[in-house]
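Enquirer: Please see the structure below; I have some questions.
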Amino acid sequence: MITPLIVITVILTAGVGLFLLRIGRRGVRRRRLMAQPLAAEHVAVIKQNVPLYNRLPEPLKAQLHGLVNVFLDEKHFEGCRGLEITDEVRLTIAAQACILLLNRPADFFPGLSTILVYPEAYVARETTFDGIVETEVRDSRLGESWERGPVVLAWNSVVGGAKNEQDGLNVVLHEFAHQLDQQDSASDGAPILGSAEDYPRWAEVFTAEYEALRKARRFRRRSVLDKYGATDPAEFFAVATETFFEKPRQLLKNHPDLYGVLKNYYKLDPAQWPR
């Protein structure tokens, strides 16, 4: 007679085996896609729509091609309000998102499966509670990122933010920085870092820089960082990421400690890339 314990053990063993098999197959598929070059016409779209790509050193461009291949294979794009999802839409978004994965162990935003794309700014409804009082707010947005949910983007903002790669405003970099932040199930401005030794320095620098930006907003002082970053620590990390890639020399000059921890996290040094 087969005991229940044996049955449970067999089921668990089979489940673990299937899981490991899927992981192995995914790893093989990813390695194959990473080794494939992008089609010439796809590279042309990225060159045209993502000027930041043109500043990348050649080895990083080749690496980005492989990352884009995997991203497009694993993520689903859905057009909203009549927007047609074309290769241009997919490549423009994927290339910018994957810049955040360069030179690092790429897990390809594991909590994300779908990117929703609107033609322009969209209205989102948000319900807030103050005691027993319920209030519904309608808010116009250019993008948002949900933990274990979709990334939502406005296509005209995607194009505009990418075309001006020196204004420090890039909705794709911003929302996918949120995805990195949310991988530890907490949107708090502290993504998963390379080692335990990195966290004290990260906390020290980000706390000081976040408070400095809040003060700059309060007293209406100029800053290389967009003042939206003073909203909360999660938004500060997303804004700091945009600035790191789009205004690297200015960030390095004005906020060297912040630039340093971001350089250590992203394993990139965009201040050294050609203009």
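Nothing in this text is a laboratory measurement; each read-out follows from the coordinates by a stated rule. Note that the coordinates shown come from a computational prediction; the quantities given were computed from them, not determined experimentally. Here Cβ is always computed from backbone atoms with ideal geometry, including for glycine, and neighbour counts include all displayed protein chains.
Enquirer: Using the charge dipole of region 188-275 (Lys, Arg: +1 at Cβ; Asp, Glu: -1 at Cβ; taken about the Cα centre), state which of Leu262, Ala203, Gly229 has its Cα farthest towards the positive end.
Expert: Farthest towards the positive end: Gly229.
Enquirer: What is the antiparallel percent of DSSP beta bridges lying wholly in the chain, to the nearest 5? Don't skip to the end; give the middle numbers.
Expert: On the way: 12 of 20 bridges.
Close to 60 percent.
Enquirer: Further question: Where in region 152-166 does the amide nitrogen come within less than 14 Å of the point 7 Å from the Cα of Asp139, taken along Cα to Cβ?
Expert: Under 14 Å, as judged by backbone N against the label point of Asp139, lie 152 of region 152-166.
Enquirer: Could you list which residues have their amide H under 5 Å from that of Phe77, counting only those 5 or more apart in sequence or on another chain, with H placed in the peptide plane?
Expert: Ile115
Enquirer: Assuming R0 = 35 Å, can you tell me the calculated FRET efficiency for the pair Asp184 and Gln48, based on Cβ-Cβ distance, to the nearest 0.05?
Expert: Details: r = 36 Å, r/R0 = 1.02.
The calculated FRET efficiency here is 0.45.
Enquirer: Quick one: grab the alpha carbon gyration tensor of the chain, order the square roots of its eigenvalues as a ≥ b ≥ c, and give me rounded if a/c is under 1.5, else prolate or oblate depending on whether a/b is larger than b/c.
Expert: Values: a/c = 1.45, a/b = 1.27, b/c = 1.14.
Rounded is the answer for the chain, as its axis ratio a/c remains below 1.5.
Enquirer: Per residue of region 177-193, what does 6.51 cos²θ - 1.76 cosθ + 1.60 with θ = phi - 60° give for ³J(HN,Hα)? Whole Hz please, x for Gly and Pro, Karplus curve as stated.
Expert: Values per residue, Gly and Pro as x: 5, 4, 4, 5, 4, 7, 5, 9, 6, 9, 8, 10, x, 10, x, 5, 9 Hz.
Enquirer: Taking the highest mean first, how do the peptides 253-260, 27-34, 65-72 order by number of other beta carbon atoms within 10 angstrom per residue? Intermediate results must be reported in sequence, preceding the final value.
Expert: On the way: 253-260: 16.8, 27-34: 13.6, 65-72: 22.0.
Listed from highest to lowest mean packing, they are 65-72, 253-260, 27-34.
Enquirer: Now, a different point. Show me 57-63, 44-50 ranked by packing, highest mean number of other Cβ atoms within 10 Å first.
Expert: Result, highest mean Cβ count within 10 Å first: 44-50, 57-63.
Enquirer: In addition: So what is log10(I(q)/I(0)) for region 41-107 at q = 0.12, 0.18, 0.25, 0.29 1/Å, when the Debye sum runs over its Cα atoms only?
Expert: With one equal scatterer per Cα and no solvent, log10 I(q)/I(0) is -0.30, -0.65, -1.14, -1.42.
Enquirer: Still on this structure, I have one more. By how many degrees, 0 to 90 and rounded to 10, does the Cα axis of helix 58-74 deviate from the longest principal axis of the chain?
Expert: Around 50 degrees separate the two axes.
Enquirer: Could you check how many percent of all C-alpha pairs in region 127-257 are farther apart than 19 Å? Don't jump to the answer; show the numbers that get you there.
Expert: Details: 4721 of 8515 pairs.
Taking all Cα-Cα pairs of region 127-257, the fraction more than 19 Å apart is 55 percent.
Enquirer: From the Cα gyration tensor of region 188-275, with a ≥ b ≥ c the square roots of its eigenvalues, which class applies: rounded if a/c is under 1.5, or else prolate if a/b is larger than b/c, or else oblate? The partial results should precede the final answer.
Expert: Working: a/c = 1.91, a/b = 1.13, b/c = 1.70.
It is oblate, given that a/c is not under 1.5 and a/b is not larger than b/c.
Enquirer: What residue among Glu84, Glu165, Glu197 shows peak mean-square fluctuation when the chain is described by a Gaussian network model with Cα springs under 10 Å?
Expert: Looking only at Glu84, Glu165, Glu197, the biggest GNM fluctuation is shown by Glu197.
Enquirer: What percent does the relative contact order of region 188-275 come to when contacts are Cα pairs within less than 8 Å and at least six residues apart? Could the numbers behind the result be given before it?
Expert: On the way: 78 pairs, mean separation 23.6, N = 88.
This gives 27 percent for region 188-275.
Enquirer: Under a point spin-label approximation (7 Å from Cα along Cα-to-Cβ), what is the Asn164-Glu147 distance to one decimal in nm?
Expert: About 3.3 nm, to one decimal.
Enquirer: Here is a further query. Which residues' amide hydrogens lie under 5 Å from the amide hydrogen of Asn170, considering only partners 5 or more residues apart or on another chain, with H built in the peptide plane?
Expert: Answer set, sorted by chain and number: none.
Enquirer: On a 0 to 90 degree scale, rounded to 10, what angle separates helix 256-266 from the longest Cα axis of the chain?
Expert: Helix 256-266 sits roughly 20 degrees off the main axis of the chain.
Enquirer: Could I ask something else about it? Taking the 0 to 90 degree range and rounding to the nearest ten, how far is the long axis of helix 233-246 tilted relative to the main principal axis of the chain, both from C-alpha atoms?
Expert: That helix lies at roughly 70 degrees to the long axis.
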